[in-house]
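Asks: My structure is below; once you've seen it, I'll send some questions.
Each reported figure results from applying straightforward, stated rules to the coordinates on display, with no laboratory input. Values in this document were obtained by computation on a predicted structure and should not be read as measured data. Methodologically, a virtual Cβ is constructed for each residue, glycine included, from the backbone with ideal geometry; neighbour enumeration extends over all protein chains shown.
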Amino acid sequence: MGWQKTFTLARRSKGCHLVTDEVLTNIEAGLRGVQVGVLYLFIQHTSAALTINENYDRDVRKDMDMALDTIVPENLNWQHTDEGPEASHTKTSLIGASLCIPITDGRLNLGTWQGIYLTEFRHAPHTRRIVATILS
């Protein structure tokens with residue numbers, strides 16, 4: 001059986017943002033009654049990404065942002081500059097546009113310290129559309 005919903009995450013500027021609770025609020029109806037299944041999350045953008053990482057220590061978010069800025073600096077000689085230096089597209093390709101999370105007894109089966117992150121690569125705040133698909 002399948003369930004799908006497209007929703008919009010709140011407006012955020014550059015950085016790594018824990019969005020687990022926001023995702024759960026939007027998929028609550030789809031989780032009901034799922035004993036064993038899978039949640040697929042897909043972000044419909046090329047300048048932001050989704051990832052799973054530690055959800056406890058806020059410094060992890062700062063470290064992720066710092067490391068990505070070091071690996072893919074904005075001051076490279078970018079050819080595509082329609083919206084400013086375009087490190088965002090490369091970062092999105094490295095992190096990824098989708099996640100796959102197991103569902104067990106109507107709950108996401110994440111590890112104790114795992115959370116769902118939006119990695120926003122644009123400096124100006126943006127809303128981001130997410131397609132959530134649950135298969136059981």
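Asks: Among residues belonging to segment 50-85 that are in a loop (DSSP other than H, G, I, E, B) and touching a residue at least 24 places away in the same chain (Cβ under 8 Å), point out the one that is farthest from the chain's Cα centre (by Cα). Steps first, answer last, please.
Replies: If we filter segment 50-85 for residues that are in a loop (DSSP other than H, G, I, E, B), which is where we start, we get 55-58, 72-81, 83, 85.
After this cut, where a residue has to be touching a residue at least 24 places away in the same chain (Cβ under 8 Å) as well, the list is 55-56, 83.
Values: ASN55: 13, TYR56: 17, GLU83: 21 Å.
So, considering only residues that are in a loop (DSSP other than H, G, I, E, B) and touching a residue at least 24 places away in the same chain (Cβ under 8 Å), the one farthest from the chain's Cα centre (by Cα) is GLU83.
Asks: Please enumerate the residues belonging to segment 86-124 that are β-branched (Val, Ile, Thr) and either without any contact (Cβ under 8 Å) to a residue 40 or more places away in the chain or exposed (fewer than 12 other Cβ atoms within 10 Å of the Cβ) (or both). Working first, answer last.
Replies: Narrowing segment 86-124 to residues β-branched (Val, Ile, Thr): 90, 92, 95, 101, 103-104, 112, 116, 119.
If the condition is that a residue be β-branched (Val, Ile, Thr) and either without any contact (Cβ under 8 Å) to a residue 40 or more places away in the chain or exposed (fewer than 12 other Cβ atoms within 10 Å of the Cβ) (or both), then THR90, THR104, THR112 are the ones that fit.
Asks: Kindly provide the set of residues from segment 10-39 that are in contact (Cβ under 8 Å) with a residue 60 or more places away in the chain, surrounded by 15 or more Cβ atoms within 10 Å (Cβ to Cβ) and over 13 Å from THR119 (Cα atoms), ordered by number. Steps first, answer last, please.
Replies: Initial filter on segment 10-39 (in contact (Cβ under 8 Å) with a residue 60 or more places away in the chain): 10-20, 23-24, 26-27, 30-39.
Add one more test, that the residue is surrounded by 15 or more Cβ atoms within 10 Å (Cβ to Cβ), and what stays is 12, 14-20, 23, 26-27, 30-31, 34, 37, 39.
Listed by number, the residues that qualify are VAL23, ASN26, ILE27, GLY30, LEU31, VAL34, GLY37, LEU39.
Asks: Across segment 99-127, which residue is farthest from HIS45 (Cα to Cα) among those that are outside any strand (DSSP E or B) and not hydrophobic (A, V, I, L, M, F, W, C)? Write out each step before concluding.
Replies: Filtering segment 99-127 for residues outside any strand (DSSP E or B) gives 105-106, 109-113, 121-125.
In the following step, the residues that additionally are not hydrophobic (A, V, I, L, M, F, W, C) were identified as 105-106, 109, 111-112, 122-123, 125.
Details: ASP105: 31, GLY106: 28, ASN109: 26, GLY111: 27, THR112: 29, ARG122: 11, HIS123: 15, PRO125: 14 Å.
By that ranking, first place goes to ASP105.
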